[in-house]
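Just so it is clear, none of the values below were taken in a lab; they were calculated from the coordinates. This structure is a prediction, so every number in the text was calculated from the model and none was measured. Positions of Cβ are generated from backbone atoms using ideal geometry, with glycine treated the same way; all protein chains shown enter the neighbour counts.
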Amino acid sequence: MSVAPLRQAPSPMRVAVLVSGNGSNLQVLIDAMQSGALPIDIVGIISNREDAYAITRAQQADIPVAVLSHTASGKRMAIKTFERHASEQLQQWQPDLIVLAGFMRVVSAEFIDKRIAPMVNLHPALLPAYKGLDTHQRVIQAGDSHHGCSVHVVTAELDAGQVLTQGVLSVGAKDTAISLQARVQKIEHKLLPWTLLLLAKGVLTINERYSQDTESYLPTLPLKLLL
Ligand code: GRF
């Protein structure tokens, strides 16, 4: 893998965000950026869906948007075509960090290996538990006492890269998959901007060659936010 480490960005850190839907996490980043609380510059948004409300949020904030959902002939874009256009777009924007925030397409190992900046993803579960989809339903079915969300480094293996931060909640007796989704999302809205702040300040560093055996004088990640 030949990706450059997250450079100690002279503030602000340039961030590109990939989205597929509502974009509430994107909105939190926009608000934090505009208030001056978060030293980032959101240099562009890529959406793989033309009906994503995240697009409207970006446009309202004057952030460049690339919608990569269909080809010029009207056909739904194949993943390879999406990846080629997305890579070209990211090359133009030159981000320091790529954030997947509610981005629902699985990209190829080749796309991940060739990324021009470190890439992190927001996942609605306490990784390494519950990789993949339907995390809230699976937590309810398993009868778990705790649940939450993780920000992790994207690697070719699905949801398996270094976990940077986690937000944790206790599952109540009355919780359903729907209530958990809402509760987890509230935590995401705190966890994602905090994680970006820690990355922008160089407090958290992304280790592209992460292994669980890596020795460290500091406590091992993830940092856990308990709510
Ligand atoms: C988040 O809850 C995230 O965990 C999941 O998709 C959701 C996106 O929400 N992967 P939004 O588009 O940021 O509102």
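Values computed for the structure shown
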| item | result |
| --- | --- |
| Among 42, 178, 30, residue whose mean-square fluctuation peaks in a GNM of the chain (springs only between Cα atoms under 10 Å) | 178 |
| Convex hull projection area averaged over all views, the chain, Cα basis, nm² | 13.0 nm² |
| Aspartates and glutamates whose Cα lies under 18 Å from that of residue 174, excluding same-chain neighbours fewer than 8 positions away | 144 |
| Helix-only CD estimate at 222 nm, as mean residue ellipticity for the chain, using -39500 (n - 2.57) per DSSP H run (n ≥ 4) | -10000 deg cm²/dmol |
| Distance (nanometres) between label positions extended 7 Å along Cα→Cβ at residue 110 and residue 80 | 0.6 nm |
| Exposure proxy ranking, count of Cβ atoms within 10 Å, fewest first, for 147, 189, 70 | 70, 189, 147 |
| Over the range 18-128, relative contact order from alpha-carbon pairs under 8 Å, at least 6 apart, % | 28 percent |
| Viscosity 1.567 mPa s, 4 °C: Kirkwood-radius Stokes-Einstein D of the range 12-117 over Cα pairs, µm²/s | 93 µm²/s |
| Summed residue charge, Cβ within 13 Å of residue 102's Cβ, Lys/Arg positive, Asp/Glu negative | +2 |
| Part-to-part distance (alpha-carbon centres) for the range 15-90 and the range 100-128, which is given in Å | 14 Å |
| Approximate spin-label separation residue 198-residue 53, in nm, with each point projected 7 Å along Cα-to-Cβ | 2.9 nm |
| Axial C-alpha extent at least 15 Å, average Kyte-Doolittle at least -0.5 - helices from the chain (DSSP) | 24-35, 177-200 |
| Cα lying deepest toward the dipole's positive end in the range 99-187, options 125, 164, 182, charges on Cβ | 182 |
| Extension gain (nm, one decimal) between residue 71 and residue 181, 0.36 nm per residue minus Cα-Cα | 36.3 nm |
| Summed side-chain charge close to residue 42 - residues other than residue 42 whose Cβ falls under 15 Å, Lys, Arg +1, Asp, Glu -1 | -2 |
| Relative contact order of the chain, defined on C-alpha pairs under 8 angstrom at six or more residues apart (%) | 21 percent |
